[in-house]
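Chemist: The structure follows.
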Amino acid sequence: MIKMIATDIDGTILPFGGEFTPEVINCIEKLKNSGIKVVLVTGRMHSSAKPLAQKLGLNFPIISYQGGLIKDFEDKTLFQSNLDAEKAKEIIKWARENEVHINLYIDDKLYVENDNDIIKYYIKGKFVDYTVCSFDNLEIKNVNKLLAIDIENPDRVTEWVNILKQKYPQLYIVKSTPYFCEIGPSDAKKSIGVDFLCNMWGIKREEVLTIGDQNNDIDLVECGGVGVAMGNATEELKKCADYITDTVDNNGFVKVVENFCEI
């Protein structure tokens, strides 16, 4: 019996650049009424994910930054793992040398060095502001993550992932969309966040349904008792899933819930 659903947001329950469908909103309301916990598990900032939880009427803890931060709905920190400051400085240096746009997240605030089309693309629909400044003027500590972005060339992002993984095997580096290279500490994984909440609530892994659409959801999907890939998921994620549902545009989340949950 499913007692908890751990779901990615973008591309899973929320169409890219779109809004929650009435079907998704109604489905989550039914899940809440039936006593099933619905947890948002995302690479987004906590401050970006919380307004979406509010839209859905959810008051459960949110797993953000790929699992690097868990806060409850009163913004109390339950778990936090930050990126090593020296490694962050090294990667910032690498980004400058290679003309790579970097988002820097410190204490759940977003900083960039250039106010360009990339950051304007990134913040669309994210409910967040950003500060433009030289990173040299910031104290590099309490770094939630770094995000390298190229909105035109996904192959370049893949190249960054491969380069940085080889150079920093101790970090968690993953392609979270075709355009995003996520860089965080090794224990900032969605599965670790799910395990934390399972232990807190006394829920077994086999009682959890996990669902996502991108490669940063692989460990999430693998950690669930039922691991689900969206129909629009990457091929790598689909290979790891127990079940493949419909696409986000066709309410794949709703269909899988109706298939596996008693609501």
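The values are calculated or read from the model by the stated rules, or taken from the named source; none is laboratory data. Values in this document were obtained by computation on a predicted structure and should not be read as measured data. Reconstructed Cβ throughout: ideal geometry from the backbone, glycine too, with neighbour counts over all protein chains shown. The protein model used for the area step is the full one, side chains on, heavy atoms only, and it has no ligands, DNA or RNA in it. Shrake-Rupley method; radii C 1.70, N 1.55, O 1.52, S 1.80 Å.
Chemist: If Leu197 satisfies every condition in (1) touching a Cys at 6+ places or on another chain (Cβ under 6 Å); (2) in a helix (DSSP H, G or I); (3) open to solvent by less than 10 Å² (accessible area, probe 1.4 Å) but one, which is the exception?
Modeler: Just one mismatch for Leu197, condition (1).
Chemist: Does Ile2 satisfy the condition of being among the β-branched types (Val, Ile, Thr), within 25 Å of Asp246 (Cα to Cα) and open to solvent by 10 Å² or more (accessible area, probe 1.4 Å)?
Modeler: Spelling it out, Ile2 is indeed among the β-branched types (Val, Ile, Thr), within 25 Å of Asp246 (Cα to Cα) and open to solvent by 10 Å² or more (accessible area, probe 1.4 Å).
For every residue, the table says whether it meets (1) touching a residue at least 24 places away in the same chain (Cβ under 8 Å); (2) part of a helix (DSSP H, G or I); (3) closer than 26 Å to Ile183 by Cα.
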residue: Val24; (1), (2), (3): yes, yes, no
residue: Glu29; (1), (2), (3): yes, yes, no
residue: Val39; (1), (2), (3): yes, no, yes
residue: Arg44; (1), (2), (3): yes, no, yes
residue: Ala49; (1), (2), (3): yes, yes, yes
residue: Leu52; (1), (2), (3): yes, yes, yes
residue: Leu58; (1), (2), (3): yes, no, no
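Chemist: Given the conditions (1) under 21 Å from Gly67 (Cβ atoms); (2) surrounded by fewer than 23 Cβ atoms within 10 Å (Cβ to Cβ); (3) in contact (Cβ under 8 Å) with a residue 60 or more places away in the chain; (4) in contact with a Ser or Thr (Cβ under 6 Å, 6 or more places away or on another chain), and given that Gln214 satisfies all but one, which numbered condition is not satisfied?
Modeler: In the conditions (1) under 21 Å from Gly67 (Cβ atoms); (2) surrounded by fewer than 23 Cβ atoms within 10 Å (Cβ to Cβ); (3) in contact (Cβ under 8 Å) with a residue 60 or more places away in the chain; (4) in contact with a Ser or Thr (Cβ under 6 Å, 6 or more places away or on another chain), Gln214 misses (2) alone.
Chemist: Oh, and also: Name every residue in segment 223-240 that is in contact (Cβ under 8 Å) with a residue 24 or more places away in the chain, open to solvent by less than 40 Å² (accessible area, probe 1.4 Å) and not small (Gly, Ala, Ser), in order of residue number.
Modeler: Passing the criteria: Cys223, Val226, Val228, Met230, Leu237.
Chemist: Another question, then. Just one of Asn82, Asn142, Asn98, Asn103 is at pLDDT 95 or above and on the phi > 0 side of the Ramachandran plot; which is it?
Modeler: On inspection, the qualifying residue turns out to be Asn142.
Chemist: Specify the residue that is nearest to the chain's Cα centre (by Cα); the eligible residues are those in segment 161-179 that are among the aromatic types (Phe, Trp, Tyr) and surrounded by fewer than 22 Cβ atoms within 10 Å (Cβ to Cβ).
Modeler: Residue satisfying both the conditions and the ranking: Tyr179.
Chemist: Let me ask you something else. Among (1) modelled with pLDDT of 95 or more; (2) under 16 Å from Gly43 (Cβ atoms); (3) surrounded by fewer than 21 Cβ atoms within 10 Å (Cβ to Cβ); (4) not polar (S, T, N, Q), which single condition is Arg156 missing?
Modeler: Unmet condition: (2).
Chemist: Okay, moving on. Which residues, counting only those in segment 180-194, are of a type outside the set (D, E, K, R) and either more than 13 Å from the chain's Cα centre (by Cα) or part of a helix (DSSP H, G or I) (or both)?
Modeler: Selection gives Pro185, Ser186, Ser191, Ile192, Gly193, Val194.
Conditions (1) within 19 Å of Leu69 (Cα to Cα); (2) of a type outside the set (D, E, K, R); (3) open to solvent by 40 Å² or more (accessible area, probe 1.4 Å), marked per residue:
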| site | (1), (2), (3) |
| --- | --- |
| Ile119 | no, yes, no |
| Gly125 | no, yes, yes |
| Phe135 | no, yes, no |
| Asp150 | no, no, no |
